[in-house]
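Okay, so here's the structure we're looking at.
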């Protein structure tokens, strides 16, 4: 049961969730329900006030560095450097991740930004900036991808690109947790839906799914236990 | 993570910071303008008395570097915060000290360039002749810059997580910099005066000691200050 508060307000008050390897799950909830907080906890950006979570066996607090190797986070904020070119931004990410520069160039081609690779990103549209963020995720190729409103600012091609990244991650035995407001777009790839309300998580029945959760897959892409004290 | 990987990451951060700075130009120009303005104001305040100006030169030099440096240190993390780039930076695996090392290298280059301008302006404005022991003076400037940049980069990281970062940084930094600035000013003054009393060596030893202590302490504690 993972818990987190900001000041006196408990945003998450006992979240318990297990995600299987090779599975994509979706998470919905009202504004301020704690969806983004949960993702930020799982990718080690913030620490829980109570409880614990493990990502493929690595504890998000005790083995944060190992978790960072396993997890990729696509934030709604692009997090790129305006005065660097698209290629420089992705190559910088590749260096920080210990990946070869060729991987950065391939990622740029995949997200359709190769024709503007030498341009500074200051003049990029919000959709292009999102593609650049996605390129960074492609370079990392993590086992668990956490996507916070991944379809924002994307055109139809971009939406399909996001879904392709989810499918590929799941196909290689990884997992994905997708936070959305509208289940429609992610329904093409998500196998199970959860809802977050009043700081607690529960399965969401009746939401459309297309993705397939593998039968008998090893348990626990992440699991949490503990208690709010 | 191997040292080679950490070094590659540190170099990447330094390259990224310096490239961003070189292309935007706004940061260095405004910081250099502030440093020169401070020196000019000191010059006006001291008046036409050349002897008084010469005596005040070491203090004016290091104080202008301090005030201008604070702007530079704040800016080095502002670049990350503006575009939301701090979070991806913190999510890269590997030791956080490589981020610190990268920021430290970039800030060192930035402040060293600033010091070159400050020294030239100080020599002209305060009627100071280039001393015979100018290599020693450069060594003192190097040591003082290392101390200033080490603490500035460290405390700017700490302040970057606060909304009141512009106010917080000087409050945290200035008291900690007192020993470095005191030693740097006294060593500079001794060298400009011809080091008749042979006191520069003692102040330089003190500067080396402070630099080593601060470098080691900041590298070992950076992980804790950059955490949310």
Give the percent of DSSP beta bridges with both residues in chain A that are antiparallel, rounded to the nearest 5. 50 percent
Can you compute the modelled spin-label distance between residue B:202 and residue A:172, with each label point 7 Å from Cα toward Cβ, in nm? 6.4 nm
Estimated [θ] at 222 nm from DSSP helical runs (n ≥ 4, -39500 (n - 2.57)) normalised by residues in chain B, nearest 500: -30000 deg cm²/dmol
Enter the angle in degrees (range 0 to 90, nearest 10) between the Cα long axis of helix B:50-82 and the first principal axis of the Cα atoms of chain B, meaning the one along which they spread out most. 10 degrees
Would you mind ranking B:163, B:23 so that the residue whose beta carbon has the fewest other beta carbons within 10 Å leads the list? B:163, B:23
Gyration tensor verdict on chain A (Cα atoms; rounded if a/c is under 1.5, prolate if a/b is larger than b/c, oblate otherwise): prolate
For residue A:152, placing the label point 7 angstrom along Cα-to-beta-carbon and taking the stretch B:73-87, residues whose amide nitrogen sits under 18 Å are B:81-87
Tilt relative to chain B, helix B:134-160 - C-alpha long axis, 0 to 90 degrees, to 10: 40 degrees
For chain A, the longest principal axis of the Cα atoms and the Cα long axis of helix A:101-110 enclose an angle in degrees, to the nearest 10, of 80 degrees
Quick calc: nm separation of the 7 Å Cα→Cβ label points for residue B:45 and residue B:193 -> 2.1 nm
Taking chain A as a Gaussian network, Cα atoms linked when under 10 Å apart, which of A:141, A:205, A:187 shows the biggest mean-square fluctuation? A:205
Please work out whether the stretch A:83-178 counts as rounded, prolate or oblate from its C-alpha gyration tensor, where a ≥ b ≥ c are the square roots of the eigenvalues and a/c under 1.5 means rounded, while otherwise a/b larger than b/c means prolate and anything else oblate? oblate
Could you work out which residue, out of B:108, B:174, B:73, moves most in a Gaussian network model of chain B, that is, has the largest mean-square fluctuation with Cα springs under 10 Å? B:174
antiparallel share of DSSP beta bridges within the protein assembly as shown, to nearest 5, in %, is 50 percent
What FRET efficiency comes out for the pair residue A:109/residue A:182, r = Cβ-Cβ distance, R0 = 45 Å, nearest 0.05? 0.95
At 222 nm, what helix-only mean residue ellipticity would chain A give, in deg cm²/dmol to the nearest 500, using -39500 (n - 2.57) for each DSSP H run of four or more? -9500 deg cm²/dmol
Using Cα pairs closer than 8 Å and at least 6 residues apart in sequence, work out the relative contact order for the stretch A:2-225, in percent. 36 percent
If contacts are Cα pairs under 8 angstrom and at least 6 residues apart, what is the relative contact order of chain B in percent? 26 percent
Residue order, fewest to most beta carbons within 10 Å, for A:44, A:54: A:54, A:44
Once you have the Cα-Cα distance between residue B:161 and residue B:213, take 0.36 nm times their residue separation minus that, and quote the gain in nm to one decimal. 16.3 nm
Ranked from fewest to most other Cβ atoms within 10 Å of their own Cβ, B:62, B:203 fall in the order B:203, B:62
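Taken together, the values in this text are just the output of simple stated rules run on the coordinates, not laboratory data. What you are looking at is a predicted structure, and each value in this text was computed from that prediction instead of being measured. Glycine also receives a Cβ, built like all others from the backbone with ideal geometry; neighbour counts cover every protein chain displayed.
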